[in-house]
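So the structure is just underneath, and the comments pick up after that.
The values are calculated or read from the model by the stated rules, or taken from the named source; none is laboratory data. In this text, all values refer to a predicted model and were calculated from it rather than measured experimentally. Cβ placement follows ideal geometry from the backbone for every residue including glycine, while neighbour counts extend to all protein chains displayed.
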Amino acid sequence: MLLRFSGLCRLLVLCLAFIPTLSAAETVLKDMSGEPRKVEEFTGNGKWTVVMIWASDCHVCNREIHNYVDFHFVHSDRDARMLGISIDGWAGRKDAADFIARHKVEFPNLIGNAEAVADWFMRQSGARWVGTPTFLLYNPAGELKAQQVGAVPVEVIEDFIGDSARPARVTD
């Protein structure tokens with residue numbers, strides 16, 4: 001009887017050990033001032049949301065970010081907006097802040113460590129996270145509609161948004 005009880009206790013302790021991990025996964029991201037945030041706060045609300053996962057030392061991110069800054073400037077008052085997620089981690093927030101300042105990024109950015117962001121990405125998309133940059137595209141209702149690893153030309157995003165926003169043709 002003691003053996004069965006001991007095994008049950010071990011199982012309970014193992015289960016309890018995962019509860020903080022699950023709840024921590026819900027608050028893995030912070031804004032640049034340190035406040036816990038969720039991506040869901042930025043999605044939906046009647047606009048498309050393009051989420052860019054980036055790193056301050058990512059050469060492609062540094063080369064391409066100006067395209068997404070321009071995209072946000074053109075679309076944010078109309079139909080779409082950008083949200084950045086840095087994987088520099090809270091310890092690397094100075095590098096992330098320098099990236100934002102250097103590239104004059106005016107759209108909101110969150111920050112988390114790479115492992116936590118990879119876990120969040122997998123839960124969102126069902127796919128394994130590969131690296132930066134990575135993009136997710138949420139429709140105006142806040143539903144994930146596309147994901148892509150690597151730089152995505154702004155024209156492709158605009159075409160996708162335009163194609164998805166058009167009503168389907170009715171044929172006889």
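So here's what we get for this one:
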{"item": "Residues located in the range 104-133, provided they are assigned to a helix (DSSP H, G or I) and surrounded by fewer than 20 Cβ atoms within 10 Å (Cβ to Cβ)", "result": "Ala114, Glu115, Ala116, Ala118, Asp119, Met122, Arg123, Gln124, Ser125"}
{"item": "Criterion violated by Glu40 - all others in (1) modelled with pLDDT of 95 or more; (2) in contact with a strand residue (DSSP E or B) (Cβ under 7 Å, 6 or more places away or on another chain); (3) surrounded by fewer than 17 Cβ atoms within 10 Å (Cβ to Cβ) satisfied", "result": "(2)"}
{"item": "Per-region count, the range 140-160, residues of a type in the set (Gly, Ala, Ser), exposed (fewer than 14 other Cβ atoms within 10 Å of the Cβ) and farther than 19 Å from Asn62 by Cα", "result": "1"}
{"item": "Among the residues listed as Ile53, Ile65, the single one being among the β-branched types (Val, Ile, Thr) and within 15 Å of Ile111 (Cα to Cα)", "result": "Ile53"}
{"item": "Number of the condition not met by Asn62 [criteria: (1) outside any helix (DSSP H, G or I); (2) modelled with pLDDT of 95 or more]", "result": "(1)"}
{"item": "Scan of the range 83-103 for residues that are assigned to a helix (DSSP H, G or I) and either in contact with a Phe, Trp or Tyr (Cβ under 8 Å, 6 or more places away or on another chain) or among the small types (Gly, Ala, Ser) (or both), ordered by number", "result": "Ala91, Gly92, Ala96, Ala97, Phe99, Ala101"}
{"item": "The range 114-146 - residue that is in contact (Cβ under 8 Å) with a residue 60 or more places away in the chain and hydroxyl-bearing (Ser, Thr, Tyr) and, of those, farthest from Ile85 (Cα to Cα)", "result": "Tyr138"}
{"item": "Where Asp79 falls short, out of the listed (1) in contact with a helix residue (DSSP H, G or I) (Cβ under 7 Å, 6 or more places away or on another chain); (2) over 13 Å from Tyr138 (Cα atoms); (3) touching a residue at least 40 places away in the same chain (Cβ under 8 Å)", "result": "(2)"}
{"item": "Residue match in the range 155-170 (condition: among the aromatic types (Phe, Trp, Tyr) and part of a helix (DSSP H, G or I))", "result": "yes"}
{"item": "Pair list, Cβ under 8 Å, 6 or more apart: the range 24-43 residue of a type in the set (D, E, K, R), other residue in a loop (DSSP other than H, G, I, E, B) and modelled with pLDDT of 95 or more", "result": "Glu26/Lys38; Lys30/Gly112; Asp31/Pro108; Glu40/Gly142"}
